[in-house]
Amino acid sequence: MTSPAILSPTPASLPPAPEQELRAALGPLAPMLSDPAVTDILVNGPDSVWCDRGEGVDRAALRLTDERSVRRLAVRLAALAGQRLDESSPWVDGLLPGGLRLHAVLPPLVEGTAHISLRVPRRRVPSLEDLRAWGMVDDVGHVLLEAVIDSTVSFVVGGGTGTGKTTLLGAMLSRCDPGHRLVVVEDVRELRIDHPHVVHLQGRARNVEGRGEVTMTSLVRQSLRMRPDRVVVGEVRGAEVRELLTALNTGHEGGCGTVHANAAGDVVSRFEALGALAEMSRSAVRAQVGSAIEVVIHLARDGRGRRTLREIALLRDHPERGVQAVTALAAGTQGWRPGPALDELLRRLGLERGELPW
């Protein structure tokens, strides 16, 4: 008697691949992912779809059916991110397959219908050479950013929303010594690094019962027990600043992260505000920042919406005004303008003025 054949699952019975599932969930937005230049997709309503291709936000030639279809799209994407989006949980911040970062919010918290924001990761982790080719950094900036990584000074990348902080940090960390262990802590995983030894820790929101939350503060504390050569906080924006500053003051060289700030000179004030969330006094924050962080790298968009390196500053302790970000190089209309901290920055990085390709 012939043994019954072992039936293999037909293609129709196999679960969809992550990319297929994502495209199905995105529906009419899916074709926009085919454009490698797209970094952000924003939906404000059925006739208000926008995208950013690296030079500012432009209106897309796309219209969704109606407000209900926008809401269904938001709920579908939230489910794909493993979260719920309804009246009891009217916003969501999650990660979709392929590394897309999702944020969605429902009325009445926002006017009209659901609003959706998608941050699209680049298919390939860009290197510093790529960023130079794209005009984000020039030859002088390229040399200095390489030296920041090679010298293992601690640093933060500052700038406004969408200025490329995460992209630049990923490119810099990708050229770290392959023998170093990088432990990365993020609220939502967004930082991509082309390096052989990266450990990613990601926070977790509380469930519908109000349990299971894992905070950034807890994760930073855990990262210090994982024998890191570099502790990386994808975005410093809460009470975890206390643990990060403590870590960088206890022998963890080369620690880094990103922080929202309008200028390099605002970084210390930003840390003071974050330190207040951790019940740290202003004087305690300044004392910790002054010895924990050495270099501030500031990004901004130019008049045409392009992301560019605008300033590199050094944190110095002033006898009367306390810790301040002192400019080493600032971008001007005629190129880089040397600042009062340039020589000290070059000394810390092991460079001479003559080595910079002015």
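Taken together, the values in this text are just the output of simple stated rules run on the coordinates, not laboratory data. Note that the structure is predicted; figures quoted are calculated from it, not measured. Quick reminder, even Gly has a Cβ in these numbers, built from the backbone with ideal geometry, and neighbours come from all protein chains shown.
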Open item on the list: Rounded to the nearest 20 debye, what is the charge dipole size of region 11-119 about its Cα centre when +1 sits on each Lys and Arg Cβ and -1 on each Asp and Glu Cβ?
Closed with: 240 debye
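At a Förster radius of 56 Å, what calculated FRET efficiency corresponds to the Cβ-Cβ distance of residue 57 and residue 283, to the nearest 0.05?
Between residue 57 and residue 283 the formula returns 0.85.
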- [ ] Would you mind estimating how fast region 11-119 diffuses translationally, via Stokes-Einstein at 37 °C and 0.692 mPa s with the Kirkwood radius over Cα pairs, in µm²/s?
- [x] 231 µm²/s
Open item on the list: I need the Kirkwood Rh of region 219-358: take the reciprocal of the average 1/r across all distinct C-alpha pairs and report it in angstrom.
Closed with: 16.1 Å
- [ ] Identify, among 85, 57, 283, the residue whose Cα sits farthest towards the positive end of the charge dipole of the chain, taking +1 on the Cβ of Lys and Arg and -1 on the Cβ of Asp and Glu, with the dipole about the Cα centre.
- [x] 85
- [ ] Would you work out the charge dipole size for the chain about its Cα centre, treating the Cβ of every Lys and Arg as +1 and the Cβ of every Asp and Glu as -1, and quote it to the nearest 20 debye?
- [x] 460 debye
Task: Ranked 241, 259, criterion: other C-beta atoms within 10 Å, fewest first - done: 259, 241
Open item on the list: If each DSSP helix of 4+ residues adds -39,500 (n - 2.57) and the sum is divided by the residues in the chain, what number results at 222 nm, nearest 500 deg cm²/dmol?
Closed with: -8000 deg cm²/dmol
TODO: Give me 213, 87 ranked fewest to most by other Cβ atoms within 10 Å of their Cβ, as a rough exposure proxy.
DONE: 87, 213
Task: Structure-derived Cα Rg over 2.2 N^0.38 Å - corresponding label in (1) 1.10; (2) 1.53; (3) 1.02 - done: (1)
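So in the chain, what percent of DSSP beta bridges are antiparallel if you round to the nearest 5? Walk me through the numbers before you get to the answer.
Details: 44 of 64 bridges.
Close to 70 percent.
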TODO: Report, in whole Å, the centroid distance computed from the Cα atoms of region 145-178 and region 51-71.
DONE: 31 Å
Task: Long-range Cα-Cα pairs in region 272-320 (distance over 14 Å), rounded percent - done: 64 percent
Open item on the list: Which one, 262, 295, 274, is farthest towards the positive end of the dipole of region 241-318 when Lys and Arg carry +1 and Asp and Glu -1 on their Cβ?
Closed with: 262
Task: Relative contact order computed over the chain (Cα-Cα under 8 Å; 6+ residues apart), in percent - done: 13 percent
TODO: Report, by chain and number, residues whose modeled amide H sits under 5 Å from the one on residue 300, excluding near sequence neighbours (fewer than 5 apart, same chain).
DONE: 308, 310
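For region 13-66, state the semi-axes of the equivalent ellipsoid (square roots of 5 times the eigenvalues of the alpha-carbon gyration tensor), sorted largest first and rounded to whole angstrom.
Sorted largest first and rounded, they come to 23, 15, 7 Å.
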TODO: Starting with the fewest neighbours, write out 291, 154, 174 ranked by other beta-carbon atoms found within 10 Å of each beta-carbon.
DONE: 291, 174, 154
Task: Where Rh is the Kirkwood radius over Cα pairs, Rg/Rh for region 75-130 - done: 1.12
Open item on the list: Taking the Cα centroid of region 186-203 and of region 284-358, what is the distance between the two, rounded to the nearest whole Å?
Closed with: 26 Å
TODO: Mind giving me the nanometre distance, one decimal, between the label points for residue 227 and residue 130, set 7 Å out from Cα along Cα→Cβ?
DONE: 3.1 nm
